[in-house]
Amino acid sequence: MKGFEKLSSTLLSNRTFGLFAHISPDGDTLGSCQALGLALAALGKRVSIFCDGSIPLYLRFLGVQLEDDAELIKTIDVCILVDCCEFKRVGKFGEVLKANARKLMAIDHHANVTPDIKDTYMDGKKASCAEIIYDLLKDIGMSMNKEIAQSIYTGVSTDTGSFIHASTNANSLAVACDCVNCGFDLAKTNFNLYKLKPGKQFDFYRALFKHIKSYGDEKLIIIKIDNKLYNKFAYNCEATELFGLFTGIAGNEVVAKLTENPIGNWRIGLRSSRGMDVSRIGRQFGGGGHLMAAGGAMNGTFGAVRRKLLSVFKDEEKRREMEKSRVSGAGDFDWNY
């Protein structure tokens with residue numbers, strides 16, 4: 001699609017919409033869904049937001065209401081994947097969408113993936129999907145109210161790591177500034193995004209630090225969240241601040257959080273500290289993402305997942321060093337398999 005013509009026309013000419021956030025929902029996918037949903041509702045449209053996953057504690061202030069009835073998809077005029085463009089990224093709703101959606105579209109900024117959906121609006125230059133939603137609302141003549149602005153700000157802020165990731169650019173800051181000027185409570189929003197913590201935090205930290213191990217002089221740090229730990233501290237385990245505890249440690253390249261699902265599958269969250277492209281690592285686990293934030297998944301035991309992660313990380317270290325034309329250095333250390 002060129003520009004917003006087809007997307008804007010579709011939004012204005014249809015009556016009912018289903019917006020689909022990706023699995024393991026973050027501030028960008030939920031903030032973008034909420035902003036677009038509020039705008040469409042203001043135009044008299046009926047909107048349902050779907051997500052295969054629960055809303056994390058730190059994002060509940062947005063007031064996103066999720067629909068779980070997959071049968072409803074058959075009756076919706078237009079279904080739109082938001083912040084993703086692959087069926088696998090919407091979990092249990094993927095097969096239903098393929099079989100029953102009347103019209104499918106997607107809005108995404110992850111340029112390193114191949115869309116499953118023909119009508120995908122993709123802008124890989126944007127640091128967040130929320131920035132695309134911001135431009136889209138302008139294109140259809142919608143002005144932001146406080147709630148829409150807060151949702152867009154949430155997407156921009158969280159996907160840029162509170163404006164410290166390498167993807168942050170002048171456009172990100174300009175969009176955030178315009179949102180703030182709409183008058184939502186910035187202090188309260190930032191408190192929820194970056195300060196709010198669930199109860200039992202001290203108990204969680206005591207248990208968590210028994211599940212952390214570093215490799216290669218702390219170049220790779222792995223956080224293990226097994227079912228036992230997750231069942232006891234679910235909300236704590238989903239908090240994005242876990243990565244912040246370790247990214248930035250001198251010498252660290254990547255922090256990986258491995259979260260076990262009951263069916264023997266491990267979700268893999270990845271954060272880069274010094275610019276290693278973790279999207280390349282994520283793709284080795286059927287996922288992807290950004291330069292400094294990505295993820296994937298793998299079936300098997302924790303040991304098997306860890307071994308593959310260590311191997312992939314080591315290969316990526318070697319590849320990067322070869323690109324820098326350095327013969328020795330990083331990569332020549334004990335990986336302690």
Given (1) in contact (Cβ under 8 Å) with a residue 40 or more places away in the chain; (2) out of contact with any Gly (no Cβ under 8 Å at 6 or more places or on another chain); (3) more than 20 Å from Glu86 (Cβ to Cβ); (4) surrounded by 24 or more Cβ atoms within 10 Å (Cβ to Cβ), number of the condition Gly18 does not satisfy: (3)
Residue by residue through the range 67-105, note down the ones that are within 19 Å of Gly53 (Cα to Cα) and surrounded by 22 or more Cβ atoms within 10 Å (Cβ to Cβ). Cys79, Ile80, Leu81, Val82, Asp83, Cys84, Cys85, Arg89, Val90, Phe93
Any residue at all in the range 171-190 that's part of a loop (DSSP other than H, G, I, E, B), within 16 Å of Gln34 (Cα to Cα) and in contact with a Lys or Arg (Cβ under 7 Å, 6 or more places away or on another chain)? yes
Looking at Phe204, is it touching a helix residue (DSSP H, G or I) at 6+ places or on another chain (Cβ under 7 Å) and farther than 24 Å from Asp159 by Cβ? yes
Quick check: is even one residue across the range 139-152 free of Cβ contacts under 8 Å to residues at least 60 places away in the same chain, surrounded by fewer than 19 Cβ atoms within 10 Å (Cβ to Cβ) and part of a helix (DSSP H, G or I)? yes
Quick check on the range 201-217. Is at least one of its residues within 18 Å of Leu57 (Cα to Cα) and touching a strand residue (DSSP E or B) at 6+ places or on another chain (Cβ under 9 Å)? no
Out of Leu245, Leu220, Leu229, report the one residue that is surrounded by fewer than 21 Cβ atoms within 10 Å (Cβ to Cβ) and either under 30 Å from Arg320 (Cα atoms) or touching a Phe, Trp or Tyr at 6+ places or on another chain (Cβ under 8 Å) (or both). Leu245
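On the basis of being assigned by TED's automatic domain parsing to the domain that holds Lys314, at pLDDT below 95, aliphatic (A, V, I, L, M) and surrounded by 19 or more Cβ atoms within 10 Å (Cβ to Cβ), does Val278 make the cut?
Working: assigned by TED's automatic domain parsing to the domain that holds Lys314: yes; at pLDDT below 95: yes; aliphatic (A, V, I, L, M): yes; surrounded by 19 or more Cβ atoms within 10 Å (Cβ to Cβ): yes.
Yes; evaluated as a whole, the condition is true for this residue.
Has the range 27-41 got any residue that is modelled with pLDDT under 95 and either more than 22 Å from Leu12 (Cα to Cα) or outside the structural domain of Asp159 (by TED's automatic domain parsing) (or both)? Give the steps one after another, and end with the answer.
Residues of the range 27-41 that are modelled with pLDDT under 95, as a first pass: none.
No: the range 27-41 contains no residue that is modelled with pLDDT under 95 and either more than 22 Å from Leu12 (Cα to Cα) or outside the structural domain of Asp159 (by TED's automatic domain parsing) (or both).
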Can you tell me how many residues in the range 181-217 are assigned by TED's automatic domain parsing to the domain that holds Ala127, more than 22 Å from the chain's Cα centre (by Cα) and of a type in the set (A, V, I, L, M)? 1
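Restricting to the range 287-312, what's the tally of residues that are outside any helix (DSSP H, G or I) and over 14 Å from Trp266 (Cβ atoms)?
7
Consider the range 49-103. How many of its residues are outside any helix (DSSP H, G or I) and within 26 Å of Asn192 (Cα to Cα)?
Filtering the range 49-103 down to residues outside any helix (DSSP H, G or I) leaves 49-56, 63-69, 76-86, 101-103.
Now narrow it down to the ones that are within 26 Å of Asn192 (Cα to Cα): 49-56, 63-68, 81-84.
So the answer is 18.
Quick check, is Cys182 touching a helix residue (DSSP H, G or I) at 6+ places or on another chain (Cβ under 6 Å) and free of Cβ contacts under 8 Å to residues at least 40 places away in the same chain? Can you show your working first?
Working: touching a helix residue (DSSP H, G or I) at 6+ places or on another chain (Cβ under 6 Å): yes; free of Cβ contacts under 8 Å to residues at least 40 places away in the same chain: yes.
Spelling it out, Cys182 is indeed touching a helix residue (DSSP H, G or I) at 6+ places or on another chain (Cβ under 6 Å) and free of Cβ contacts under 8 Å to residues at least 40 places away in the same chain.
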Just for the range 251-272: of the residues that are within 17 Å of the chain's Cα centre (by Cα) and of a type in the set (S, T, N, Q), which one is farthest from Val305 (Cα to Cα)? Ser272
Among the residues of the range 30-48, which ones are surrounded by fewer than 17 Cβ atoms within 10 Å (Cβ to Cβ) and assigned to a loop (DSSP other than H, G, I, E, B)? Leu43, Gly44
Single residue of the range 157-170 satisfying the filter (in contact (Cβ under 8 Å) with a residue 40 or more places away in the chain and assigned to a helix (DSSP H, G or I)) that is farthest from Asp26 (Cα to Cα): Ser157
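The values are calculated or read from the model by the stated rules, or taken from the named source; none is laboratory data. Bear in mind that the values here come from a model prediction, so they are computed numbers and not experimental data. Cβ atoms come from the backbone with ideal geometry, glycine included; neighbour counts cover every protein chain shown.
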